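> Please see the structure below; I have some questions.
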Amino acid sequence: MSEGREKHERRDARQLRVIVADDQAAVREPLATVLGLSEDIDVVAAVADGNEVLTAVANAPVDVVLMDLRMPVLDGIEATRRLSEEHPEVAVVVLTTFADDDSVLGALSAGARGYLTKNAGRQDIVLAIRAAAAGQSVLDREVQDRLLATIRAQTSAPGPVPGPAPEPGTGQRQPLPDDLTPREREVLTLIGQGLPNRGIAEQLFISEATVKTHINNLFAKAAIRDRADAIRRAIEAGLA
């Protein structure tokens, strides 16, 4: 076996398999090429709509989808929701021009782990892909600030408390369960402040794996669906 082939196979063993989804070829193709320059990323497909994403994921192992939102046939939010239901092991990072409230909350509620605007540089995108593959949530700073501001505005008005966990933005409130541990409350507080898993781990002097365990327990106990819902609940509870 040649040295070049051996090197290629060693790289493949640790590469993240990524799909780039954008309806504009002028964006999709250069982005796929640039991401492919990273040694730990293998762009396995570059597609033009959400249906093509679902087909590609069904036909080959995929770790992360870099997803535009405004696409024909099946848009990015609905494609993300379908992936979350049918292929929960696949992480979605949104990369879009739009940072309005409906787009941000819609994508995060659908299950996106990251949200970047197209102002993001190559290194920011690569870091977001790596973080999403590791189970972390990464939000563009502008997106994070808008999300926190939106949720604070929505939760400032009184609303009904009873009922199941509401969709973000409905104004309904649900108290946190009494059986949350002090550590789980600390984690929820830091999520509400916009910290990613790595930042929470550094703040609490624990490993990222331990943070993930606390988040899983917290989400299960409090019927929290996603990061956006966790931020909302933290603000409603006065923790952030």
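> Name the single residue that is nearest to residue 150 (Cα to Cα) among those in region 87-102 being surrounded by fewer than 20 Cβ atoms within 10 Å (Cβ to Cβ) and modelled with pLDDT of 90 or more.
Once the filter is applied, the top-ranked residue is 97.
> Find the residue count for region 220-235, including only residues that are part of a helix (DSSP H, G or I) and either aromatic (Phe, Trp, Tyr) or under 15 Å from residue 194 (Cα atoms) (or both).
9
> Could you tell me whether region 191-213 includes any residue that is in a helix (DSSP H, G or I), open to solvent by 70 Å² or more (accessible area, probe 1.4 Å), at pLDDT 85 or above and under 28 Å from residue 103 (Cβ atoms)?
Yes: one or more hits.
> Any chance you could count how many residues in region 127-138 are touching a residue at least 60 places away in the same chain (Cβ under 8 Å) and out of contact with any helix residue (DSSP H, G or I) (no Cβ under 7 Å at 6 or more places or on another chain)?
The number of residues fulfilling the criteria is 6.
> Of all residues in region 52-72, which are open to solvent by 70 Å² or more (accessible area, probe 1.4 Å) and either in contact (Cβ under 8 Å) with a residue 40 or more places away in the chain or closer than 19 Å to residue 29 by Cβ (or both)?
52, 55, 61, 70
> Still on this structure: Counting only residues that are open to solvent by less than 40 Å² (accessible area, probe 1.4 Å) and farther than 19 Å from residue 116 by Cα, how many does region 26-47 have?
2
> Now for a separate question. Within region 96-113, is there a residue that is touching a helix residue (DSSP H, G or I) at 6+ places or on another chain (Cβ under 8 Å), outside any helix (DSSP H, G or I) and hydroxyl-bearing (Ser, Thr, Tyr)?
yes
> Now for a different question. Return the residue satisfying two criteria in turn: it lies in region 219-240 and is closer than 16 Å to residue 137 by Cα and not charged (D, E, K, R), and of such residues it is surrounded by the fewest Cβ atoms within 10 Å (Cβ to Cβ).
219
> If you don't mind, there's one more thing I want to ask. Restricting to region 88-123, name every residue that is closer than 18 Å to residue 16 by Cα and more than 14 Å from the chain's Cα centre (by Cα).
Correct list: 122, 123.
The values are calculated or read from the model by the stated rules, or taken from the named source; none is laboratory data. Computed from a predicted model, the values in this text were never measured in an experiment. Backbone-built Cβ (ideal geometry, glycine too); neighbour counts: all protein chains shown. Accessible surface is based on the protein model in full, side chains and every heavy atom, while ligands, DNA and RNA are left aside. Shrake-Rupley method; radii C 1.70, N 1.55, O 1.52, S 1.80 Å.
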